[in-house]
1. Could you tell me whether the stretch 65-75 includes any residue that is under 30 Å from GLU111 (Cβ atoms), among the β-branched types (Val, Ile, Thr), modelled with pLDDT of 95 or more and surrounded by 10 or more Cβ atoms within 10 Å (Cβ to Cβ)?
2. Can you name every residue in the stretch 89-114 that is surrounded by 10 or more Cβ atoms within 10 Å (Cβ to Cβ) and small (Gly, Ala, Ser)?
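The values are calculated or read from the model by the stated rules, or taken from the named source; none is laboratory data. Predicted model, so just to flag it, every value in this text is computed and none were measured. All Cβ positions, glycine included, derive from the backbone under ideal geometry; neighbour counts span all protein chains shown.
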Amino acid sequence: MSSTLARATTQTSRSCRAAFSTARTLRQQPIYQPPTPPQEPDNPHRAFYKSFGRPIAKVFFMALFTYQVLHYSWMKLEAMEEKEEKTAELEALEGKLRQITGKPAPVAAPEKKV
């Protein structure tokens with residue numbers, strides 16, 4: 001009978017320890033869930049930009065980038081063309097001046113094109 005009594009006390013002491021134990025595993029601990037506020041009806045304007053805002057911005061910035069590259073290229077080509085026209089005009093005027101004054105053209109080293 002003493003073995004039955006000892007067995008009963010060990011079982012009750014284990015269940016008492018488990019009941020009053022503060023050490024719980026993470027799975028047993030309840031997780032706090034904040035109360036959810038009531039849902040407001042979605043604004044159609046906001047819903048549109050929430051869905052399509054990123055693609056619209058992407059297309060806008062790609063168009064802006066393309067415009068800037070084309071504008072820079074156009075300006076560069078135009079500056080090169082103006083430089084060639086002014087060089088040609090300057091050479092023509094120098095030629096006329098040599099004809100009028102009767103001086104020979106100076107011999108210059110060939111220019112390097114950049």
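1. no
2. Correct list: ALA92, GLY95.
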